[in-house]
1. In the range 196-245, which residues are of a type in the set (D, E, K, R), in contact with a Cys (Cβ under 9 Å, 6 or more places away or on another chain) and more than 16 Å from Thr61 (Cα to Cα)?
2. Checking the condition of a type outside the set (Gly, Ala, Ser), more than 18 Å from Thr119 (Cα to Cα) and open to solvent by 70 Å² or more (accessible area, probe 1.4 Å), which residue from Glu161, Glu199 passes?
3. For the range 46-84, how many residues meet the condition of being outside any loop (DSSP other than H, G, I, E, B), in contact with a strand residue (DSSP E or B) (Cβ under 7 Å, 6 or more places away or on another chain) and under 20 Å from Gln242 (Cβ atoms)?
4. Go through the range 177-195 and give me each residue that's under 22 Å from the mean Cα position of the chain (by Cα) and open to solvent by 50 Å² or more (accessible area, probe 1.4 Å).
5. Identify all residues within the range 88-142 that are at pLDDT below 95 and among the hydroxyl-bearing types (Ser, Thr, Tyr); write none if there are none.
6. Taking only the range 85-127 into account, find how many residues are without any contact (Cβ under 8 Å) to a residue 40 or more places away in the chain, buried (at least 19 other Cβ atoms within 10 Å of the Cβ) and part of a helix (DSSP H, G or I).
7. Checking Glu218 against (1) more than 27 Å from Ala116 (Cβ to Cβ); (2) touching a residue at least 12 places away in the same chain (Cβ under 8 Å); (3) part of a loop (DSSP other than H, G, I, E, B); (4) among the charged types (D, E, K, R): exactly one of these is not met. Which one?
8. Hey, can you tell me all the residues within the range 210-243 that are at pLDDT below 95 and loosely packed, with under 14 Cβ neighbours inside 10 Å?
Amino acid sequence: MKKSVFAFCVLMLAGLVQAADVDQATDERIRSSLGALLPGLRPDGVRATPIDNLFEVTFGTRIVYVTGDGRFLVQGKVIDLETRTEITEQRLSELKMAALAEVGEDRMVIYGPADAKHTVTVFTDIDCGFCRKLHADMPEYNKQDIRIRYLFYPRAGLGSESYDKAVSVWCADDRKAAMDTAKAGDAVPAKTCENPVAEHHALGQAMQLQGTPALLLEGGQMVPGYVPPDKLRTLLDQQQAQGNG
């Protein structure tokens, strides 16, 4: 089940990658070269970059670069020194935000009004100490005009106790009340139903999460760990100002 769900998320991310300005011969040549180097691992997409004869190749939310003849592979960040734009990070952010849009808010647990100034998506583990600290500050995040959207990321993996708790929260009649109870360290009645916990977990793996909480900001930047409400508001305002500048 775990492998199939992960594959689903990789395919979902692949559908979000648009091949831009790549002729069929170049696409096939790059794929053939990578296939010989990495048997069994198929690229999700191939697209042009601003650098002549260098093409972006994506595997989920991982990016490498390959020359048009399929001979040279480059790993690392591409930065436009003229515009000071981090091209690789920008593309990764686009992929992450598009993947979240595919999940849909109906598959998240959300705190805060839809018209809040900022929205932050948080990968959370029911039993994680700093996740509980973040949740305890939820009224302050909302007061700072920050809307929090939860995705489940049980660090112990599928079938763990934390995973079962996440499923029980999702399947509760009142998910937010159940989340509040679980985050306070109290037991939530065990319950099962159709749920997105495994998909959330697989998406977190595809995004290479290192721990929880993991905050995905509006521009696609991933911020690890707990961030106090006032500092998070300042960071979000700064990013918004830069985006509008």
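1. Those that are of a type in the set (D, E, K, R), in contact with a Cys (Cβ under 9 Å, 6 or more places away or on another chain) and more than 16 Å from Thr61 (Cα to Cα): none in the range 196-245.
2. Numbers: Glu199 fails: open to solvent by 70 Å² or more (accessible area, probe 1.4 Å).
Within the list Glu161, Glu199, the selection yields Glu161.
3. The total comes to 1.
4. Passing the criteria: only Glu194.
5. Within the range 88-142, Thr88, Ser93 meet the criteria.
6. Residues that pass the stated criteria total 1.
7. Checking Glu218 against (1) more than 27 Å from Ala116 (Cβ to Cβ); (2) touching a residue at least 12 places away in the same chain (Cβ under 8 Å); (3) part of a loop (DSSP other than H, G, I, E, B); (4) among the charged types (D, E, K, R), the one that fails is (1).
8. Of everything in the range 210-243, those that are at pLDDT below 95 and loosely packed, with under 14 Cβ neighbours inside 10 Å turn out to be Gln210, Gln238, Ala241, Gln242, Gly243.
The values are calculated or read from the model by the stated rules, or taken from the named source; none is laboratory data. Keep in mind that what you see is a predicted model, and the values were worked out from it rather than measured. FYI the Cβ positions are ideal-geometry reconstructions off the backbone, even for glycines, and counts take in every protein chain you see. Accessible surface areas use protein heavy atoms only, side chains included; no ligands, DNA or RNA. Shrake-Rupley method; radii C 1.70, N 1.55, O 1.52, S 1.80 Å.
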